């Protein structure tokens, strides 16, 4: 087993859309990231009790708790606050982006996903986190 295969970076994808989780999964698995998929914020918070990912991709629009509220919870928790979070949403309005960045998101990407720019952002975040 090669060194890179034993130390894959973990990406937690939090999105209530099964289709979007599959899209993110397909793109990220090609890059050999280890994926953890969550269908909502409450499930993601439970996952974070046992797994600390290198990056969280967090959808804004969720049924139980929205992505912004979840981001605020993550950044308020000392154990989780250092994990970079990229917000993912169909909303690109300036106020949405600013609220997310102000709450602690490291970056923002808009659906539908542009594979090339998305992967560039993910690589940059994970390279910085090393």
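We did not get these values from a lab; they are worked out from the coordinates using the rules stated. Just so we're clear, the structure is a prediction, and the values are computed from it rather than from any experiment. A quick note on method: Cβ atoms are made from the backbone with ideal geometry, for glycine too, and the neighbour counts reach across all protein chains shown.
Angle of helix 94-103 to the longest C-alpha principal axis of the chain, folded into 0 to 90 degrees and rounded to 10: 70°. What's the angle, to the nearest 10 degrees (0 to 90), between helix 18-30's Cα axis and the longest principal axis of the chain? Helix 18-30 sits roughly 30 degrees off the main axis of the chain. Could you calculate the FRET efficiency of residue 101 with residue 52 from 1/(1 + (r/R0)^6), where r is the beta carbon distance between them and R0 is 30 Å, rounded to 0.05? With R0 = 30 Å, the Cβ-Cβ based efficiency is 0.85.
Computed over the Cα atoms of the stretch 3-129, the ratio of the radius of gyration to the Kirkwood radius (Rg/Rh) comes to 0.92.
Annotation for residue 119 and residue 18: the two label points, set 7 Å from Cα along the Cα-Cβ direction, are 2.7 nm apart.
Taking the DSSP bridge list for the chain and keeping only pairs wholly inside it, about 0 percent are antiparallel. Projecting label points 7 angstrom from Cα along Cα→Cβ for residue 27 and residue 110 puts them 1.4 nm apart. A full extension of the chain between residue 65 and residue 77 corresponds to an added length of 2.7 nm, given 0.36 nm per residue minus the alpha carbon distance.
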